[in-house]
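Scroll down for the structure; my scribbles are underneath it.
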Amino acid sequence: MKEKLPLWVRIVFGFCLAILLVSFVNVGISLFYENPEYEDFCGKTPTSFFGNQTDCELEGGIWQPYMEPRPVESSSGYCDFYVKCQEEYDKANEPYQRNAFVILAIIGFGSIVGGLFVQILTLRVMLLASGTINVLIGVIRDLEDRTLVFITLGILIALGIYLVIRHARK
């Protein structure tokens, strides 16, 4: 005769599997969908100190004057080498984060839907929890594109409500 695991063990095991599934999906995205690397746009930190605007601009930096109070008496500002490259990096990173959000939203919602139809409690907990966490991670990654996130979440919520109602009627 088989001994059934207690309810709490099945639920905890489902959450453990959910964490593993979330990790698997996120590592998969980083492994198979290459993200822009900051160093490819901004390189290494300059080792020289540029204490004046002329030297800074000759080396490709942008002189930023200090606001009062100044941290250093002898200097009126500092040389920022990262303003230009940061903008380029951000432009390359925006579509990556948007696409990662879409991937996570689709996988997450698919997991949630699968969790509605699976009869085994541990798998149901795993799919519902991992789906929710993956959607949440996607939202956090793409907060810059709030309109897309808002619309996508609205669609996912509407579809989820529809599926729950449809499932409950059967």
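The values are calculated or read from the model by the stated rules, or taken from the named source; none is laboratory data. This one's a predicted model, so the numbers in the text were calculated from it and none came from an experiment. In this analysis, Cβ positions are derived from the backbone assuming ideal geometry, glycine residues included, and neighbour counts consider all displayed protein chains. For accessibility, only protein heavy atoms count, side chains too; no ligands or nucleic acids. Shrake-Rupley method; radii C 1.70, N 1.55, O 1.52, S 1.80 Å.
Tabulated results
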quantity: Correct choice for Rg/Rh (Cα atoms, Kirkwood Rh) that was computed from the model, options (1) 1.23; (2) 1.10; (3) 0.97; calculated: (1)
quantity: Additional length obtainable on full extension of the chain from ARG146 to ALA168, 0.36 nm per residue less Cα span; calculated: 4.7 nm
quantity: Surface accessible to a 1.4 Å probe, CYS79 within the full protein complex, Å²; calculated: 30 Å²
quantity: Length added when fully stretched, ALA158-GLU87, from 0.36 nm per residue minus Cα-Cα; calculated: 21.9 nm
quantity: Net length gained if the chain between GLU94 and LEU7 were fully extended (0.36 nm per residue, minus Cα distance); calculated: 27.0 nm
quantity: Residue-level accessible surface for ARG141, protein heavy atoms, 1.4 Å, Å²; calculated: 70 Å²
quantity: Lone cysteines, the chain (no partner Cβ under 4.7 Å); calculated: CYS16
quantity: Cα-centred dipole magnitude for the chain, charges only on beta-carbon of K, R (+1) and D, E (-1), debye, nearest 20; calculated: 1960 debye
quantity: Percent carbon-and-sulfur accessible area, the range 39-170, ignoring ligands, DNA and RNA, probe 1.4 Å; calculated: 62 percent
